[in-house]
Each structure stands twice: as C-alpha cells, then as structure tokens.
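Read the structure below first, then the notes.
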Amino acid sequence: MHIHRLEKLWLVFGISMLAVFLTVVGVGAFALGMEPPGGHRHTVDPEKLSTTAPFDKPGLQRLGNGEYEANIIAFAFGYKPDVIEIPLGAKVNFNITSSDVVHGFQVVNTTINMMVVPGEVNHLAYTFTEPGEYLVICNEYCGAAHEVMMMKLIVK
Ligand code: CUA
C-alpha cells in the first residue's frame with residue numbers, strides 16, 4: 001500500500017507546516033504586543049490611574065506661556081473633574097484616558113472629538129478664543145447612563 005504511506009507522509013508534513021505557521025504567528029503577535037509599532041502611543045494602566053501622573057491630579061495645570069494641560073479621566077458615567085475653568089485664549093493640551101470602558105470626549109461647538117480608550121492616553125491641543133460654557137459629551141455608547149455622561153469647560 002504505497003499510496004497509503006504517501007498520504008500519511010503528506011498528512012504529517014501538513015500538520016508540521018501548520019505548527020510552524022502557528023508558532024510564527026504567535027511569536028509575531030507576542031513581539032508586537034511587547035513593542036507597539038510607531039512608538040508614539042502612550043499606554044497607562046487603567047487600574048492605577050489614581051497613582052499615575054498626570055492622572056493622580058486630574059484637572060488643569062499651567063505649563064506657562066499661555067499653555068495649559070488638562071488631564072481628564074473618563075468613567076462610566078462621567079468625567080473627572082466634571083468642570084474645568086480655562087482662561088480665555090489659553091492653549092490647552094488635553095490628556096485623556098478611561099478607567100473602565102471605551103468612551104468619547106466631544107466638546108460641542110469645537111473641533112475637539114476624541115475616542116477615549118482604557119489603557120491608552122489620547123492627546124489633542126486646542127486654543128480657546130471664544131468665552132463661554134462648553135458642554136462635553138460622550139459619543140461612544142458605554143452603557144445605561146451613556147446619554148447623561150457629560151462635563152463642562154468654562155472659558156473666561
Ligand atoms: Cu461614556 Cu458613552
């Protein structure tokens with residue numbers, strides 16, 4: 001039964017190639033996980049935000065020269081802090097992350113619209129040239145109280 005032996009050989013060969021393939025893919029994914037491509041992504045442990053700068057002190061920090069940093073934590077269902085006062089004309093560098101699930105950070109009547117992902121820090125700079133109260137809403141469905149998840153920016 002020569003044909004039977006040949007089939008067996010091919011079967012063994014096929015399984016071996018599959019094993020090699022899975023190993024390569026597995027090792028590749030592991031290597032990528034350890035070293036994300038690009039290197040510009042900021043990661044953060046969502047469980048340790050209360051002890052991780054800058055999220056250990058959420059709110060507005062002055063950097064000087066009319067520049068500020070706004071460090072904000074999104075959670076179900078709100079933002080920390082829930083109100084930030086911004087001096088008129090200030091350039092604000094937003095750093096935002098989530099302590100639980102994916103949220104949104106959209107500032108109504110501006111171009112600010114970010115996705116907030118747990119484990120990552122999203123950045124965006126914006127200069128406020130119009131005084132007033134700006135409503136911030138969550139535009140990613142995040143659960144039962146998604147509709148009422150909001151905060152306020154007061155520019156004056
Ligand atoms: Cu948070 Cu929707």
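Quick notes on this structure:
- Label-reachable residues, region 114-156, where backbone N falls under 16 Å from a point 7 Å from Glu85's Cα toward its Cβ: 131-134, 152-156
- Residues Asp45, Asp100, arranged from fewest to most other Cβ atoms within 10 angstrom of their Cβ, appear as Asp45, Asp100.
- Region 43-155: C-alpha gyration tensor shape, a/c 1.5 cut-off, then a/b vs b/c: oblate
- Percent of beta bridges antiparallel (DSSP, region 43-155, rounded to nearest 5): 70 percent
- Cα-based shape type of region 106-156, given that a ≥ b ≥ c are square roots of the gyration tensor eigenvalues and the cut on a/c is 1.5: oblate
- Local charge for Tyr68 was computed over the other residues whose Cβ lies under 15 Å away, with Lys and Arg +1 and Asp and Glu -1, and equals +1.
FYI, it's all coordinate maths here, none of it is from the lab. Bear in mind that the values here come from a model prediction, so they are computed numbers and not experimental data. Ideal geometry is used to build each Cβ from the backbone, glycine not excepted, and the neighbour counts take in all protein chains shown.
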